[in-house]
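What follows is calculated from the coordinates using simple rules that are stated; it is not laboratory data. None of the values given here were measured: they were computed from a predicted structure. Note that each Cβ is placed from the backbone with ideal geometry, even for glycine, and that neighbours are counted across all protein chains shown.
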Amino acid sequence: MAQRQLQLNRVAGGAPVATSRRSTRLVPGRTALRVSAVAEADKTAAINKSGTSSVPATTKDIENKLRYLFGRNEVSTPNDAYQGTAWSVRERLIDAFNKTHEHWKKEDPKFIYYLSAEFLMGRSLTNTVFNLGLQGDYATALKELGQKMEQVAEAERDAALGNGGLGRLAACFLDSMATLDLPGWGYGIRYKYGMFKQALKDGYQQELPDIWLTSGNPWEVRRDDVRHMVGFGGRVERRREAGGREVAVWTPAEQVIAQAYDNPIPGYSTPTTSNLRLWDALPLSEFDLAAFNAGDYDRAMLARERAEAISAVLYPNDSTPEGKELRLKQQYFFVCASLQDVLSRFKATHGSARWDLLPSKAVFQLNDTHPTIAVAELMRLLVDVEGLEWDEAWGITTKCLNYTNHTVMPEALEKWPVKVMAKMLPRHMEIIEVINEGWTQWLSAHLASELPAPEERAKRIAAMSIIHENPWNKEEMLVNMAYLAVVGSSAVNGVAAIHSNIVKDEIFNDFYKIFPSKFQNKTNGVTPRRWLAWCNPELADLITQQLGSDAWINDTEQLTALRTHASDPAFQQRWAAVKSAKKERLAGLIKRVWGEEVNTAALFDIQIKRIHEYKRQYLNVLSIIWRYKQLKRMSPQQRLQAVPRVCVIGGKAASAYDMAKRIIRLVTAVGSVINADPDTRDYLRLYFLPDYNVSLAETIIPAAELSQHISTAGTEASGTSNMKFALNGCLIIGTWDGANIEIAEETGVENVFVFGVRAEDINGLRKERKNFKTDPRWDEIMRDIEGGMFGDKEYFKPLVDSVNNMKVGNDWFLLANDFAAYLDAQQQVDECYRDQAEWLRRSIMYTAGSGKFSSDRTIRQYAEDIWHVGPCRPPPAAGGQQ
Ligand code: 26V
């Protein structure tokens, strides 16, 4: 038994730790056993309700899948085992999916549709097996086939259909919606190529295509019966109907098919399995046969290529506004298909005469401005296709739509040139013009008493108009998609308290003054399943033992009870043992990537996120350089007193973001100097881990002791990795920004290393930056980089210049202002780490304070305050699903 216990505890990764053995003694929580008492779960899974063992059947099923789908007779590699297992698990998943959807069809509840251009799902096998409660069954079956679940799981490629936080948030939300039994689907694009793979070549970032679908995708079901036509371009004509009503008739110049792929989303500890429906773009006909017969092969293939291009690649840009037409095409493509899909189901149930019921049956959440064309598309479908009057359609549209803003960067608010929109979507451009006319007229009347002077009023109206001049090019008119979203929605929300205040007081202040109740806050959250229970089963196990049940997995507020144990030396010891095991695992990864051993007794200091100037990885590197210089100056004797650190930085730079790429090169250049220096290498290392993605995060986060969230105050809308680190007992060094603030409030601000200027001071400080006297340590480091201490001095010059105060506007993200405070905070980190009891106490306090940051809480708040949707749970499946 003990041996099996040990083996099973390895399932989701990492070496087994002594603590996990105890789990057999546990009292089961209110949910079926998942993480802890794994042997117990093994037993329940292995013996099905009829009393027979299901393991032999599972083993056989895995073998059969491999045999008949792949023509392979033997499970000889983890990849074989992955394919066999995944295709076998898929069937259980589809059963749960079908049952849920039968139930939902019968009950006809109000549905949430989460429209998002990005879903960063990561791997599915572990999550599916654990969420469905099948881990015991499959782990044992794999063992019998000579495989380990952990290695098998690693054979899966990430589904990386997103850039970063926004896309991963959408994935966490799907998990929570299903877990909370909320009828809800995600809608997006099935990109053929997801987020690029990042490689390092001589320390520089290289982008390689993410070819993730080559060996098939067991987690999707192609729905050949679910297809919609999506048109582009062409012209709009007016026709008079028999009753005298004038209708607009849009004849697109180009049409493509949106082909549905369903990706079942299993909830945890519930039979509910919801759906992420992704659209693939196909040509109307396979190819132009006439052209082919005429020998014009290129032309014959053209339509195909044009169609397929729409769902070919994810735009990897979250740094420079991407005004490419293809991106607008992608946005319209998935929005048009999704809305048609929802409306056709609504019609099938409620007919075409009761559109007034639509808001009580469907609510759409716009994930940033990317799906905002939905405002015009829903109007088009209701007015042009279904024949509703404009005002009725507008009432329905604004009741159905809600918008979440995810960034404060003004340049990130999408604006499309009227010319581009009119050419690609001529009918939508007309509709937006009519919406804007109505809006500005309403505004004019509304503002009459507040701004009686016509010029003043006109100025305000111009500032709030959905269509406005391009401030950089007066010839060009733009459609402001964020304003369209605000005007077309019932609710607008930011993603952390500070960010929602910026949304209200700055970005959309004029709108807020008119519609204060429209604006809300919904602080982000992360799923505790993936981000603690499955990625760190050893810690999850320990928590379950301490709390006496695993009920915290879907009620994270229960983690608060850990506070009373934070100073208990015995508990701290076990807590530390888990962290050490996870550090060993990360050390193994560093060894595989860089070929170097690291000291696992060192403080593991991590910064992983998209590379961006506002996230200030550069500031982190500057402090590492300073640490290095300090160590160099010490005698060997003095060095013995230093707190050793292993610093890890990971993240992708948008392909066109030159400065971010230079930052990566600086990290690798500084790393190669530091890591090779015999004087200091026992005390300081710096590694850049390439190709940061969801799976890498699942390995890194449990091993982290300190994580860095050091954006310039007021620039990071929320951040979500801060929540994942905190949940895993990792201390935070951070600015008073985004969700750091709320994490500090929950954890105890005295437990967080907070430093730096405050958001409200930023504007003033930016103006004064040219007179700011930089710290002498800063000046010294700048001279070192400029002088070539890390080589490549020409390449690093723009980096040095970017934070130089000689030019107004430089050092926009105020690195120099925060530098000294940051070094002080780092000093405090060292002091705290010397006192391991205090460090461990804090570490426990972080996990204990993480209850608020479950995406279950976030989703409950959306459901109650914005969506007005309640749970609808299917009956339990025969054979054990709760
Ligand atoms: C986009 C752009 C585009 C143009 C210029 C600058 C810029 C800066 C950032 C972005 C990202 C936009 C959307 C996004 O990913 N936001 C992230 O959403 C997360 C989930 O709400 C949140 O935790 C992150 O703080 C936020 O950056």
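With the simple spin-label model, which puts each label point 7 Å out from Cα in the Cβ direction, the Lys201 to Gln638 separation comes to 4.3 nm. Listed cross-link partners Lys148/Lys724; Lys415/Lys459; Lys474/Lys513; Lys99/Lys579; Lys60/Lys192; Lys324/Lys852 are compared with a 30 Å cut-off, the Cα-Cα value being larger for Lys99/Lys579; Lys60/Lys192; Lys324/Lys852.
Amide H contacts under 5 Å for Val648: Asp605, Ile606, Gln607, Tyr687, restricted to partners 5 or more places along the chain or on a different chain, H placed in the peptide plane at 1.01 Å from N. Note on Glu450 and Thr251: the model spin-label points, each 7 Å out from Cα along the C-beta direction, lie 4.6 nm apart.
Sorting the segments 701-710, 864-873, 448-457 by their residues' average number of neighbouring beta-carbon atoms within 10 angstrom, most packed first, yields 701-710, 864-873, 448-457. Sorted on the mean count of surrounding Cβ atoms within 10 Å across their residues, most packed first, peptides 833-839, 635-641, 309-315 read 309-315, 833-839, 635-641. Exposure proxy for Met789, Met429: other Cβ atoms within 10 Å of each Cβ, ordered fewest to most, give Met789, Met429.
Across the chain, Cα pairs under 8 Å and at least six residues apart give a relative contact order of 15 percent. For the peptides 234-240, 610-616, the ranking by packing is 610-616, 234-240, with the highest mean count of neighbouring Cβ atoms within 10 Å listed first.
Panel values: the chain, Kirkwood radius from alpha carbon pairs, Stokes-Einstein at 10 °C and 1.306 mPa s, translational diffusion coefficient 55 µm²/s. For the stretch 768-778, backbone phi angles converted through the Karplus equation (6.51, -1.76, 1.60; θ = phi - 60°) give residue-by-residue couplings of 8, 4, 5, 9, 6, 8, 6, 5, x, 5, 4 Hz, Gly and Pro being listed as x. Taking Cβ atoms as reference points and 10 Å as the exclusive limit, the residues near Leu339 contribute a net charge of -1, counting Lys and Arg as +1 and Asp and Glu as -1. Scanning residues 5 or more positions from Tyr193 or on other chains, those with amide H under 5 Å from its amide H are Val313, Leu314, with H placed 1.01 Å from N in the peptide plane. Helical content alone sets the calculated 222 nm signal of the chain at -14000 deg cm²/dmol, taking -39,500 (n - 2.57) per DSSP H segment of four or more residues and averaging over every residue.
Magnitude of the charge dipole for the chain, about its Cα centre and with charges confined to Cβ atoms of Lys, Arg (+1) and Asp, Glu (-1), is about 1460 debye.
Using the charge dipole of the chain (Lys, Arg: +1 at Cβ; Asp, Glu: -1 at Cβ; taken about the Cα centre), state which of Phe119, Thr560, Val621 has its Cα farthest towards the positive end. The residue sitting most towards the positive pole is Thr560. Compared with the alpha-carbon gap, the fully stretched path from Lys459 to Arg592 is longer by 41.8 nm at 0.36 nm per residue.
If you bin all the Cα-Cα distances of the stretch 253-316 at 10 Å, starting from zero, the percentages per bin are 20, 32, 24, 14, 7, 3. Short-range pairs are left out: with C-alpha atoms under 8 Å and at least six residues apart, the relative contact order of the stretch 557-853 is 25 percent.
Let's see if you can work this out: charge +1 on each Lys and Arg Cβ, -1 on each Asp and Glu Cβ, no other charges. What is the dipole magnitude of the stretch 557-853 about its Cα centre, in debye to the nearest 20?
For the stretch 557-853, the charge dipole is close to 540 debye.
Relative contact order, percent, of the stretch 372-521 when contacts are C-alpha pairs under 8 Å separated by at least 6 residues? Reported relative contact order: 31 percent.
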